[in-house]
Amino acid sequence: MKIEELKKFDGKDGRPVYIAYKGNIYDVSDSKLWKNGSHINRHFAGEDLTHQMAVAPHADDVMSRYKIVDKLETEEKPVEIDKMDKRRDFYRKFHPHPVLIHFPMALFFFTFIMQLLFLIFNFSPYENAAYYSLFIGVVLAYPATASGIYSWWINYQSLLTRTFKIKLYMSILLLVLTSASLLFRILVPGISFTAGAGFYIYNAMLFLGFPVVTIVGYYGGKITWPG
């Protein structure tokens, strides 16, 4: 069966639900996970899911549950796809984005808490803790964001769905806010101890990062578990 014919088995209007994986075509019509030809709103029937399965949160032994109904006729694989497979293998082995992203996220939340405690109790060590955690968080946020974009490119082919748009735009906004706050704090070390406009601008930028980092985390979760 060629890919053009496979697309007809999309699970819509009562049609069977077929998917291809590593050259085999499987009938997954009886699976509750493939209702209406869609799996967790990310994978769709009538497609070759070989590359998408490479980054799935389960092993490929799940395919043994389903009946093989045909073989997929494919053309010779382009060199570019071979390169992408190697990049996916690297990503699957080291998981750079999940490894890197948790550190700046945690440090930013710690920054917000320390700065809030400083504003409440006027205890300077809280402000120092907020500054240092902000500094390290910003430094780590750049490679974390870059690895996220890399993951988006190789695992999702830069697919710009609503979820990806929000996460991408919010990630950029978070970098801008936290970097600007850090620069402000470096250039004016006593900004938290003054009563001028700079004090309010600095804290506004800093605390605006709280909902932004929350949104980034939430939509990162939606990418992993679309539901």
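The values are calculated or read from the model by the stated rules, or taken from the named source; none is laboratory data. Just so it is clear, the structure is predicted and the values come from calculations on it, not from any experiment. All Cβ positions, even for glycine, are placed from backbone atoms using ideal geometry, and neighbour counts span all protein chains on display.
The condition (being in the same structural domain as F109 (by TED's automatic domain parsing), loosely packed, with under 15 Cβ neighbours inside 10 Å, at pLDDT 95 or above and out of contact with any Asp or Glu (no Cβ under 8 Å at 6 or more places or on another chain)) is satisfied by just one residue among A195, A204: A204. Which residue is modelled with the highest pLDDT, if the candidates are limited to region 1-35 and must be part of a helix (DSSP H, G or I) and of a type in the set (A, V, I, L, M, F, W, C)? Only one residue tops the list, namely L6. Taking the condition in a helix (DSSP H, G or I) and modelled with pLDDT of 95 or more, does Y219 pass? Criteria not met by Y219. Kindly check whether there is at least one residue in region 130-148 that is hydrophobic (A, V, I, L, M, F, W, C), within 19 Å of the chain's Cα centre (by Cα) and either under 29 Å from D60 (Cα atoms) or at pLDDT below 95 (or both). The answer is yes; a qualifying residue exists. Against the definition (assigned by TED's automatic domain parsing to the domain that holds S124 and closer than 20 Å to F109 by Cα), how does V176 come out, yes or no? The answer is yes for V176. Given the structure, is P104 buried (at least 16 other Cβ atoms within 10 Å of the Cβ), modelled with pLDDT of 90 or more, assigned to a helix (DSSP H, G or I) and not aliphatic (A, V, I, L, M)? Yes. Cβ-Cβ distances below 8 Å connect the following pairs, each with a first residue in region 95-120 that is farther than 16 Å from Y218 by Cβ and in the same structural domain as L177 (by TED's automatic domain parsing), a second residue that is polar (S, T, N, Q) and surrounded by fewer than 16 Cβ atoms within 10 Å (Cβ to Cβ), and a separation of six or more residues or different chains: F118/S124. Could you please let me know if V216 is touching a Ser or Thr at 6+ places or on another chain (Cβ under 8 Å) and free of Cβ contacts under 8 Å to residues at least 60 places away in the same chain? For V216, the condition - touching a Ser or Thr at 6+ places or on another chain (Cβ under 8 Å) and free of Cβ contacts under 8 Å to residues at least 60 places away in the same chain - is not met. Which residue is surrounded by the fewest Cβ atoms within 10 Å (Cβ to Cβ), if the candidates are limited to region 29-48 and must be among the aliphatic types (A, V, I, L, M) and on the phi < 0 side of the Ramachandran plot? By that ranking, first place goes to L33.
Within region 36-60, the only residue that satisfies the criterion of being more than 25 Å from the chain's Cα centre (by Cα) and at pLDDT below 90 is N36.
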